[in-house]
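The values are calculated or read from the model by the stated rules, or taken from the named source; none is laboratory data. Because the structure is a prediction, the values reported are computed rather than measured. Using ideal geometry, Cβ is built from the backbone for each residue, glycine included, and neighbour counts are taken over all protein chains shown. SASA here: full protein model, heavy atoms, side chains in, ligands and nucleic acids out. Shrake-Rupley method; radii C 1.70, N 1.55, O 1.52, S 1.80 Å.
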Amino acid sequence: MHNPRNPRVLPMRDGVSPSCVVTRHGAWPTLLDFLVERLPIVPREDWVDRMARGEVVDEHGERCAPQRVHRGGLRLYYYRSLPTEPAVPFDEAVLFRDDDILVADKPHFLPVTPGGRYLQQTLLVRLKRRLDLEELSPLHRIDRDTAGLVLFSVRQATRGAYQALFRDRAIHKTYEAVAPWRADLRFPMERSSRIEEAPQFFRTREVPGEPNALTRIDVIEAAGGWARYRLEPVTGKRHQLRVHMAALGLPLRNDAFYPVVNDPPEGDFSRPLQLLARTLAFADPVTGVRRRFESRQQLALP
């Protein structure tokens, strides 16, 4: 049976699965005209070259020629590519893999998924290329600046069962962070607040209103004005741990976004954010086995 959402109309290439765009109803003369307007980051002549190489196909696997008449509601598949991208000189590790899941230990500075300036230099593409796992997909995300554990689904057939762990909050995650020590705060403690998008698209912030984010915080060790903290996010708002710690007057060491933006220049790997996704624990919904994974990476006090 025809499945228009099936990306196998183009095979995985160098770890990159095809991207998809759905044509809109409108007055574009050709599919090429639609693509040029819809995805202007790719020049018209590049689209023509890709079509000539058979790298733009429809949902039936039929090659799209530059002169093909436009039709709305059609899925087109193509390969995303970048002329250049920054190299990330750190390696990931695979801690566990079976037929259904894979657990990776991600280094600082490596994005989990393609976006912006990063494609090949992402955890997902590196793993797909290295292990030839075409259906590999992350079940959750951590920031590019954060190191530690990321859980992947290996195959589509069982993916929904693992996605439900996150939806139902049936997976326990702990993080570690290095931040200033404040003797006036009592630990363990909880930080509960409302977090929403900030005017700067890459940041979030606390705002008045009903709380939608909760983090449990404790101290592992303290010395010399710094401490190593255990953080347990009960909810999963973007940048939640970083925002909560900064709001307590405990900004994470080397945080380039909070409390103020101080982004290092490209290629500067000297100040990794001191935040580590330390553990993941859950009951495996497919095998019934209790799983617990721990990062091999370490944070240290300055």
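Summarise the accessible area of the range 150-205 (1.4 Å probe, protein heavy atoms) by the percent that is carbon and sulfur.
Looking at the range 150-205 in its full context, I get 48 percent from C and S.
Sorted largest first, the principal axis extents computed over the alpha-carbon atoms of the chain equal 70, 44, 40 Å. Reachable lysines from Lys128, Cα under 22 Å, same-chain residues fewer than 8 places away excluded? Cα-Cα hits under 22 Å: Lys106. When the trypsin sites (Lys or Arg not before Pro) in the range 194-302 are filtered for DSSP coil states and for at most 16 other beta-carbon atoms within 10 Å of their beta-carbon, the remaining sites are Arg203, Arg238, Arg296.
What is the range 13-162 by shape, rounded, prolate or oblate, if you read a ≥ b ≥ c off the alpha carbon gyration tensor as root eigenvalues and call it rounded for a/c under 1.5, prolate for a/b larger than b/c, and oblate otherwise?
Values: a/c = 2.60, a/b = 1.85, b/c = 1.40.
Prolate is the answer for the range 13-162, as a/c is 1.5 or above and a/b outweighs b/c.
Within straight-line reach of Lys173, meaning a Cα separation under 12 Å, sit the following aspartates and glutamates at least 8 residues removed in sequence or on another chain: Glu232, Glu294. Considering only alpha-carbon pairs that sit under 8 angstrom and 6 or more positions apart, the relative contact order computed for the range 174-301 is 27 percent. Tell me, rounded to the nearest percent, the portion of alpha carbon pairs in the range 79-122 spaced more than 18 Å apart. The share of Cα pairs beyond 18 Å in the range 79-122 comes to 38 percent.
Ignoring everything except DSSP H segments at least 4 long, calculate the 222 nm mean residue ellipticity for the chain; use -39,500 (n - 2.57) per segment, divide by total residues, nearest 500.
Values: 5 runs with 43 residues, N = 302.
So the helix-based figure for the chain works out to -4000 deg cm²/dmol.
The residues of the chain present an accessible area of 51 Å² per residue when probed at 1.4 Å with all protein chains retained. Between Leu95 and Val103, Ala104, Asp105, the built amide H atoms are under 5 Å apart, and every one of these is 5 or more places off in sequence or on another chain.
Normalising the average separation of contacting C-alpha pairs (under 8 angstrom, six or more residues apart) by the number of residues puts the relative contact order of the chain at 14 percent.
From the square roots a ≥ b ≥ c of the eigenvalues of the alpha-carbon gyration tensor of the range 194-302, which class results: rounded (a/c under 1.5), prolate (a/b over b/c), or oblate? Oblate.
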